[in-house]
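The values are calculated or read from the model by the stated rules, or taken from the named source; none is laboratory data. Computed from a predicted model, the values in this text were never measured in an experiment. With ideal geometry, Cβ positions are generated from the backbone for all residues, glycine too; neighbour counts draw on all protein chains shown.
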Amino acid sequence: MKRAVIIIVIVVVAIIGVVLSMGTKLSKEINEEKQFNLEQIDGIQVTMSSAPIHLIRTETSNEVKFHYYGKAMQEITLVSEISNKTLIVSARRKYGFWGTGEVTCLDIYLPGEYERNISIETSSGLVKMDSFNLASIALKTTSGGLEAENIQTGKTALNTSSGKIDIKALLTDELDIKGTSSSINIGKFIVKEARIKNTSGNVLVSCQEYEDANMNIETTSGNITLGLPGVAEFLLKTGNTSGKIQNDFPLSASASVSGHKIEGQVGTKSNTVALHATSGNIRILNHDR
């Protein structure tokens, strides 16, 4: 019986190998470009699956250009429409499903003067961004993530599942991040209002500048590390169910401190830093130390 099972497994693996090999040989080249004049659009909405997306900044063009390329066994075309000055772009598969041996990428070239809205939804694809100044950015990924250089926005909304968010520098008025089994890492960070919630993942945030900002960070089965400049003033509310809490900032005499909870004033300002971790450590670090 065991021998029969082993033989069946070997045969199945062999068949899969042949199919994958045939898929590679039968794959067709994809190389498609679309251009749009900057005057036509106020926003961009992109929906993709299985394709990495790279947002590239260009200085000399007044056009938004999309370059979709790679290989696939079935026919895939880039479709687009403009509705209420929002450019909507997606990939259309001939058979309506993601196929074996499909390897595609999408490069989006944006003029430096494009300072409007961008919305991206992708599954199984990493989004990479050069430095941009935008009115807003909204990103939703599954089994993907975001790697970005310097982003300046009025509003930032990021939602990722089983992915990684890695932003070197972020300046935004309003930040909303939701993660599931994700790693969130933000380097230089300037914000007025921040809400970060992560399930089964760590959150690392470093604020180079901080003044009168409200911040709410929650994790389940993950650690929180928040770095602030030494001059920061705020009402601290932090707690966890299990794990350690480290706070580098001096608290007022009336502060309430217990093993898994701290609530107290740092300085005199009333803006709130609220940190809560279930089964995770919390660290509030002073950059100037």
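Checking residue 164 against (1) in contact with a Ser or Thr (Cβ under 7 Å, 6 or more places away or on another chain); (2) within 23 Å of residue 234 (Cα to Cα): exactly one of these is not met. Which one?
Single failed check for residue 164: (2).
Only one residue in 179, 101 is modelled with pLDDT under 95, in contact with a helix residue (DSSP H, G or I) (Cβ under 6 Å, 6 or more places away or on another chain) and either assigned to a strand (DSSP E or B) or more than 22 Å from residue 33 (Cβ to Cβ) (or both). Which one?
101
If you take the residues in segment 14-55 that are basic (Lys, Arg) and out of contact with any Leu (no Cβ under 9 Å at 6 or more places or on another chain), which one is modelled with the highest pLDDT?
Among those that are basic (Lys, Arg) and out of contact with any Leu (no Cβ under 9 Å at 6 or more places or on another chain), it is 28.
Filter segment 111-148 down to the residues that are modelled with pLDDT of 95 or more, within 21 Å of residue 84 (Cα to Cα) and in a strand (DSSP E or B) and list them by number.
Answer for segment 111-148, where residues must be modelled with pLDDT of 95 or more, within 21 Å of residue 84 (Cα to Cα) and in a strand (DSSP E or B): 117, 118, 119, 120, 121, 134, 135, 136, 137, 138, 139.
Out of curiosity, is residue 91 without any contact (Cβ under 8 Å) to a residue 24 or more places away in the chain and on the phi < 0 side of the Ramachandran plot?
Against the criterion (without any contact (Cβ under 8 Å) to a residue 24 or more places away in the chain and on the phi < 0 side of the Ramachandran plot), residue 91 does not qualify.
Test of understanding: among 185, 198, which residue is surrounded by fewer than 18 Cβ atoms within 10 Å (Cβ to Cβ) and in the same structural domain as residue 240 (by TED's automatic domain parsing)?
Only one candidate qualifies: 185.
When you scan segment 268-275, do you find a residue that is without any contact (Cβ under 8 Å) to a residue 60 or more places away in the chain and on the phi > 0 side of the Ramachandran plot, even just one?
no
Could you please find all residues in segment 32-48 being in a strand (DSSP E or B) and either of a type in the set (A, V, I, L, M, F, W, C) or touching a helix residue (DSSP H, G or I) at 6+ places or on another chain (Cβ under 7 Å) (or both)?
Within segment 32-48, 36, 44, 46, 48 qualify.
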